[in-house]
Every structure is written in structure tokens, then in C-alpha cells.
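The values are calculated or read from the model by the stated rules, or taken from the named source; none is laboratory data. Please read all numbers here as calculations on a predicted model, not as lab measurements. Cβ placement follows ideal geometry from the backbone for every residue including glycine, while neighbour counts extend to all protein chains displayed.
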Amino acid sequence: MADKTIALRLDKDLYDRIAEDASRDNRSINNYIVTKLSEAVPTNNLEQRQIVGSIVKGDKINMANDLIEVKGIYYRYDLLANDAVNGTRNYQVIKANGNILTIQEIK
């Protein structure tokens, strides 16, 4: 993918905070800004299109290995309420971040 160059105006205080954080992470200011923007702007990947919103039975969640099976694919998961998984309840995928899904019990 080709890079796109833009001019970006920042006030001095914001620039100084970014420069300090970038230096602490041993990265360039450009790399730091690109990384932060990439984390903040959602991508339209497979998980976003086909997994988010899915309903999963509790028996498809393996608490011992922190894995959940959704449409035949295993993902790591975070349970929104940090409760124990109830194998008899249903859960909905509400967010996908890479191979980690955030799920919520349907009440």
C-alpha cells in the first residue's frame, strides 16, 4: 500500500506530549502518530463484518483455555462483565480486536 503524506497542525503542548511518549517508546513521532491512529480507527475486516453480532452458546466457550468457537473458528475472548461463563446461556459478540472477541451474556 502506498503511503500518503499530509500536513498536520498540532498545538505545542500536544506535540510535546506526543514527542515525550514517542521517545519513551523509542519510536519516531510519525510512527507513534500512525500507530495511535491505526488503533483508534476501526478496520472493516472479516471479524467486523461477519463475527460481531453473532450469538454463541455457552457450551462453545472453553474457559480453561480462554477460547470461544464462532462459526468454526477459535478466538480468544474477554467477557464484558468478567463473570464466569454459564454453559447454558447465550452470548453475543459485541467487539472484535484482532483475534480477541469481547462477548456479553444475553439476558
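Mind listing just one residue for me: the one in region 10-47 that is of a type in the set (Lys, Arg) and modelled with pLDDT of 95 or more and, of those, farthest from ASN99 (Cα to Cα)?
Here the answer is LYS12.
Can you find even one residue in region 49-65 that is within 15 Å of the chain's Cα centre (by Cα), surrounded by 14 or more Cβ atoms within 10 Å (Cβ to Cβ) and of a type in the set (D, E, K, R)?
Within region 49-65 (the criterion being within 15 Å of the chain's Cα centre (by Cα), surrounded by 14 or more Cβ atoms within 10 Å (Cβ to Cβ) and of a type in the set (D, E, K, R)), the answer is no, since none of the residues qualifies.
Out of ILE94, ILE103, report the one residue that is farther than 30 Å from GLU20 by Cα, modelled with pLDDT of 90 or more and either touching a Gly at 6+ places or on another chain (Cβ under 9 Å) or assigned to a strand (DSSP E or B) (or both).
That would be ILE103, the only listed residue that is farther than 30 Å from GLU20 by Cα, modelled with pLDDT of 90 or more and either touching a Gly at 6+ places or on another chain (Cβ under 9 Å) or assigned to a strand (DSSP E or B) (or both).
Going residue by residue through region 52-62, is there one that turns out to be part of a strand (DSSP E or B) and under 30 Å from ALA7 (Cα atoms)?
No, the conditions are met nowhere in region 52-62.
Is it the case that ILE6 is exposed (fewer than 14 other Cβ atoms within 10 Å of the Cβ), more than 15 Å from the chain's Cα centre (by Cα) and in contact (Cβ under 8 Å) with a residue 40 or more places away in the chain?
So ILE6 fails the test.
Do you know which residues across region 72-88 are more than 19 Å from the chain's Cα centre (by Cα) and surrounded by fewer than 14 Cβ atoms within 10 Å (Cβ to Cβ)?
GLY72, ASP83, ALA84, ASN86, GLY87, THR88
Please specify each residue of region 63-91 satisfying the condition of being in a loop (DSSP other than H, G, I, E, B) and of a type in the set (Ser, Thr, Tyr).
THR88
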